[in-house]
Amino acid sequence: MSFTDHILTAPLIRGLWINAAKCLRVVVPAGDAAAVPPQALTVDLRAAWTGDSFDEAWAAKLLRDAYTAWEAKNGAASAQPSCIRITTPSGDAVYWIDRDLDSAKKRSVTGDASPLEPGNTNTADSLIAAPGASAVNRSSVVKNKIVLVTGGAQGFGEEIVRGLAASGALVFIADLNLGGAEKLAETLNASEKRIAAVAVPVNVSNEASVEALFKTIADTAGGLDLCVSNAGVLKAASVLEQEEAAFKFVTDINYTGFFLMVKHCGRLLRRQNRTAPGWKTDIIQINSKSGLEGSNKNGAYAGGKFGAIGLVESFALELVEYDIKVNAICPGNFLDGPLWSDPVKGLFVQYLNTGKVPGARTLADVRAFYEAKVPMKRGCTGADVMRAIYYVVEQEYETGQAIPVTGGQVMLH
């Protein structure tokens, strides 16, 4: 089976298994189907292709029909097959399914086709909750979920990745800085004693790179539950002085990059939803307080962030059809992150050297100036943003929102 066929079919398989068990699953393609366990579910999807055109709705129906027939034959409504063979125009492939990436990979290696244990809909493993169900422990809403964080190798992104991994998620760390992402993934996998993180390269301003990112995710784990679009850049300058190239660089990443992320993430999540209707997934943009109010001599950044909130609201209206929630989180200044605190290029150093803060003589003076702007008298932290992420995922009845996490510095009206 071709790599492209994997990308089209794996999310459909994952959605079907999730819908049937009402709990999370990971799907691992094992490649050639020479040795197929007799317990495997076998499905011919060739009818879903017409030339190069793929009808994902028809493929979803073929999968559902085959699964229903398997249940009737085996009389095992409380269990699930752990292996499936798919036939497409480009050939056959075997997929292995389990609760997490470690277990699914182990099945693939050992050929263990024993049925999957049934899900427990009374625990955090449950995915499709009843409307109005009571809130669970907040961090547990991402346990066992497959998550993507762009710009995840440093700054806010790293804080988010660490928080999600500690909460039990499988996190794809996507970054231009692949070396940093790999180092972070290695650290987290060792500390969590499981495959907690996978490093992947991406340039969010390049569509081919973004498309390849989601193909890799589908081919590695079968799909996605939460996308945190965090990658962003800042080049502050007066509108009277800023070069067009600098303005375009900021806009390409902060605005156009978010569009590209949602375009290709939305396609993957829609495909999963074909076989798991009612299963809600999330796209969260890490925006900024500068997306809620203007920023002096920082128009490229603020403009891109303002525009991205317009995209959030528009995409939320469109993608709700597929149970995809789209929201933004707007943090205040991350004063302890490298953007501000880097000893050479950080904003504290820049603002001190340029005299931007009146009367400031030390870096501590500059920091105190910005902390004084916040009613809660401190900068935003990774933990503050994590609480907002948990809220957005847990809140099933909200989409298209821009949630401030600013210590009261910026308030909604």
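The values are calculated or read from the model by the stated rules, or taken from the named source; none is laboratory data. Predicted model only: the values in this text are computed from it and were never measured. Virtual Cβ from ideal backbone geometry, glycine too; neighbours counted across all protein chains shown.
Given the condition part of a loop (DSSP other than H, G, I, E, B), touching a strand residue (DSSP E or B) at 6+ places or on another chain (Cβ under 9 Å), of a type in the set (A, V, I, L, M, F, W, C) and in contact (Cβ under 8 Å) with a residue 24 or more places away in the chain, answer yes or no: does some residue in region 283-297 qualify? Looking for residues that are part of a loop (DSSP other than H, G, I, E, B), touching a strand residue (DSSP E or B) at 6+ places or on another chain (Cβ under 9 Å), of a type in the set (A, V, I, L, M, F, W, C) and in contact (Cβ under 8 Å) with a residue 24 or more places away in the chain, one finds at least one in region 283-297, hence yes. Against the criterion of being surrounded by 19 or more Cβ atoms within 10 Å (Cβ to Cβ), of a type in the set (Lys, Arg), within 28 Å of the chain's Cα centre (by Cα) and part of a helix (DSSP H, G or I), Lys325 does not qualify.
Within region 256-263, the presence of at least one residue that is under 29 Å from Val94 (Cα atoms) and among the basic types (Lys, Arg) is confirmed.
Of everything in region 244-285, what is among the aliphatic types (A, V, I, L, M) and under 12 Å from Val233 (Cα atoms)? Give them in sequence order. Walk me through it before giving the result.
Applying the first criterion (among the aliphatic types (A, V, I, L, M)) to region 244-285 yields 245-246, 250, 253, 260-262, 268-269, 276, 283-284.
Residues satisfying the conditions are Ala246, Val250, Ile253.
Whenever a residue of region 219-245 is over 30 Å from Ser108 (Cα atoms), its partners that are in a loop (DSSP other than H, G, I, E, B), lying with C-beta atoms within less than 6 angstrom and at least six residues away or across chains, give the pairs Asn230/Gly151; Ala231/Gly151; Ala231/Val204; Ala236/Lys297; Ser238/Lys297.
Can you name the residue in region 205-245 that is in a loop (DSSP other than H, G, I, E, B) and crowded, with 23+ Cβ neighbours inside 10 Å and, of all such residues, is modelled with the lowest pLDDT?
Per the stated criteria, the residue is Gly232.
The set of residues in region 153-193 being basic (Lys, Arg) and without any contact (Cβ under 8 Å) to a residue 40 or more places away in the chain consists of Lys183, Lys193. Here Thr187 passes the criteria (1) at pLDDT 90 or above; (2) β-branched (Val, Ile, Thr); (3) outside any helix (DSSP H, G or I) except the one numbered (3).
Looking at this structure, is Ala35 loosely packed, with under 14 Cβ neighbours inside 10 Å, hydrophobic (A, V, I, L, M, F, W, C), more than 24 Å from Ala212 (Cβ to Cβ) and out of contact with any helix residue (DSSP H, G or I) (no Cβ under 7 Å at 6 or more places or on another chain)? First the steps, then the outcome.
On the way: loosely packed, with under 14 Cβ neighbours inside 10 Å: yes; hydrophobic (A, V, I, L, M, F, W, C): yes; more than 24 Å from Ala212 (Cβ to Cβ): yes; out of contact with any helix residue (DSSP H, G or I) (no Cβ under 7 Å at 6 or more places or on another chain): yes.
Yes: the conditions hold for Ala35.
Considering region 1-114, the qualifying strands (runs of 3 or more DSSP E), each wholly inside and each with 1 or more residues that are over 29 Å from Glu192 (Cα atoms), run over 41-44, 83-88, 91-98.
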